[in-house]
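Following: one structure in structure tokens, then a few remarks.
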Amino acid sequence: MHNTYKSTLILGASTNAERYSNKAFYKLKAASHTVFALGFRDGVLGDTTIHTEHQSEWNNVDTVTLYLSPARQETYYDYLLNLKPRRVIFNPGTENQKLESLLQEAGIETEQACTLVLLATNQY
């Protein structure tokens, strides 16, 4: 049974307003989700720091939404498996059969979807 605390980790977070990870951050916050941000460069989104390394308070992540190309995901395989989120969303362009299989074998739900569309249609 999963508790009602729903936090989302954006993997591939960016301060660039043109990036979908940036748009998703603000839409998630507007929908009152707790959002953590992990990216390649330090930065700040609203009141949230983009970190380049895992933070200890991120121990109860419900959903990871991916905004990294499959080639850039590889260094995060073990990280995601150890984090044990309930689900990982593969946004358009991030589809990766190898990572999906690893996650599913570990009992982690995977979804090929667009976080922005899921939020807009109340399916998040």
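Read-outs throughout are calculated quantities, based only on the coordinates presented, and are distinct from any laboratory measurement. Since the model is a prediction, treat every value here as computed from it, not as a measurement. Methodologically, a virtual Cβ is constructed for each residue, glycine included, from the backbone with ideal geometry; neighbour enumeration extends over all protein chains shown.
For this structure, a couple of remarks:
- Residue ranges of helices (runs of 4 or more DSSP H) in segment 46-124 with at least 2 members at positive phi: none
- Residue in segment 103-121 that is in contact (Cβ under 8 Å) with a residue 60 or more places away in the chain and touching a strand residue (DSSP E or B) at 6+ places or on another chain (Cβ under 7 Å) present: yes
- Subset of segment 95-124 (residues that are under 17 Å from LYS27 (Cβ atoms) and polar (S, T, N, Q)): THR115, THR121, ASN122, GLN123
- Exactly one residue among ALA13, ALA37, ALA17 is part of a strand (DSSP E or B) and among the hydrophobic types (A, V, I, L, M, F, W, C), and that residue is ALA37.
- One residue from THR63, THR75 being loosely packed, with under 13 Cβ neighbours inside 10 Å and under 18 Å from ALA106 (Cα atoms): THR75
- Pick from segment 20-34, criterion of a type in the set (S, T, N, Q) and part of a helix (DSSP H, G or I), ranking: surrounded by the fewest Cβ atoms within 10 Å (Cβ to Cβ): ASN22
- Scan of segment 104-122 for residues that are closer than 12 Å to THR63 by Cβ and either of a type in the set (A, V, I, L, M, F, W, C) or surrounded by fewer than 17 Cβ atoms within 10 Å (Cβ to Cβ) (or both), ordered by number: ILE108, GLU109, GLU111, ALA113, LEU118, LEU119
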